[in-house]
Ligand SMILES: C[S@@+](CC[C@H](N)C(=O)[O-])C[C@H]1O[C@@H](n2cnc3c(N)ncnc32)[C@H](O)[C@@H]1O
């Protein structure tokens, strides 16, 4: 059979490849009776649960997973032979899912291909063909801010399709992959981490705010904050990029965070991307809580060693709770061996 209806309770989970086991542990902790069905690619696997996708999403919201980047339902499996006929076959399968699509709310089709070979069609071709069918329900297309999503994951011999609310997928981006355009003035790749955190955690960065950037050099995060019209106090013994040295609204303290925090000012935002032992970085972030103005926000990366990441992430979040409410903690697409945390002082 070319198209096969799967158990209503099959989902596809995505995490950083090296964090897949931790992500699976997080799924188990929901108590949804998770059964591992196998990997589809690096960091992507199929699971079956005793709960439907909506119920699983509700349980995940309660447990606030850190390492699961994205999860979507797989309601249909469609055989692929990597010929142009796949496009029509997938579009026909999409039509069989239209009963799950709410015509009153916006929709996007998110297609990922894990196929190692070369297909005679692109992911965009598939997206277009499926979106056309899905739109026949009357649901308006909104690629950037969809309320519901048709998720399509193409593997070597099968594609999996499912419909869910974007809010139930842990990320509105396909597979949790949020890409940003590279800008000529970009200082470091780290900029993408802060941009992703601002978007994912819904952090409001306002023109005229004052920010403290701990471990600022070479200055990517400082540049991002300046692009929002924020004045930045950058703390790092290392040098900042020349473009920031000539910026009057960047004040560089060439000293350690430990030294600076003894005479710190107050700020609306404190960010911390310092390369140091995670326990020490958390202790400094807790000390910095006094320097946040009411309503202020903190963002930090927990730089986790290769081993015991799950335990150290949990321990670090527990320690941060001494000074902050955790607004969000996730291993972002742009994080490597890190977790990014958004904080509000208590
Ligand atoms: C990953 S880099 C920061 C990158 C930066 N966020 C960017 O976007 O360009 C880490 C920085 O932490 C700084 N650092 C390490 N220990 C520090 C300390 N005790 N106080 C201040 N900065 C420190 C290092 O000098 C280094 O520049």
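No lab work stands behind these numbers, since they all come straight from the coordinates. Quick caveat, the model's predicted, so the values are computed rather than measured. A quick note on method: Cβ atoms are made from the backbone with ideal geometry, for glycine too, and the neighbour counts reach across all protein chains shown.
Each Cα pair under 8 Å and six or more residues apart adds its sequence gap; the mean of these over the residue count of the chain is a relative contact order of 14 percent.
Listed highest first by mean packing, meaning other Cβ atoms within 10 Å per residue, what order do 264-271, 310-317 come in?
264-271, 310-317
Could you tell me the distance between the Cα centroids of segment 14-59 and segment 73-136, to the nearest Å? Taking the Cα centre of segment 73-136 as reference, the centre of segment 14-59 is 23 Å away. Taking all Cα pairs closer than 8 Å and separated by 6 or more residues, the relative contact order of segment 3-176 comes to 27 percent. Taking every DSSP bridge with both residues inside segment 65-161, close to 45 percent are antiparallel. Computed over Cα pairs, the Kirkwood radius of segment 190-346 leads via Stokes-Einstein (0.692 mPa s, 37 °C) to a diffusion coefficient of 214 µm² per second.
Using the Kirkwood radius over Cα pairs, work out the Stokes-Einstein diffusion coefficient for segment 14-125 at 37 °C and 0.692 mPa s, in µm²/s as a whole number.
On the way: Rh = 16.0 Å.
Stokes-Einstein gives a translational diffusion coefficient of 205 µm²/s.
Peptides 42-48, 288-294 ranked from most to least packed give 42-48, 288-294, packing being the mean of other C-beta atoms within 10 angstrom over each peptide's residues. Each Cα pair under 8 Å and six or more residues apart adds its separation to the average, and for segment 190-345 the resulting relative contact order is 21 percent.
One way to sum up the overall shape of segment 177-248 is the equivalent ellipsoid from its Cα gyration tensor, whose semi-axes run 19, 15, 11 Å, largest first.
I need the Kirkwood Rh of segment 141-199: take the reciprocal of the average 1/r across all distinct C-alpha pairs and report it in angstrom.
On the way: mean 1/r = 0.0733 Å⁻¹.
Radius from the Kirkwood sum: 13.6 Å.
Adding -39500 (n - 2.57) for every DSSP H run of four residues or longer, then dividing by how many residues the chain holds, sets the calculated 222 nm ellipticity at -8000 deg cm²/dmol. Direction-averaged projected area, Cα convex hull, segment 243-320: 6.3 nm², rounded to one decimal.
Enter the mean projected area of the convex hull around the alpha-carbon atoms of segment 89-199, in nm², rounded to one decimal.
Numbers: hull surface 33.6 nm².
About 8.4 nm², averaged over all directions.
Extent along the principal axes, Cα only, for the chain: 70, 42, 38 Å, with the longest axis given first.
Note the angle between two axes, namely the Cα long axis of helix 53-63 and the longest principal axis of the Cα atoms of the chain, as a number of degrees from 0 to 90, rounded to the nearest 10. So the helix axis and the longest Cα principal axis differ by about 20 degrees.
What do you get for the angle between helix 85-96 and the principal long axis of the chain? Use alpha-carbon atoms, 0 to 90 degrees, nearest ten. For 85-96 against the chain, the angle is about 90 degrees.
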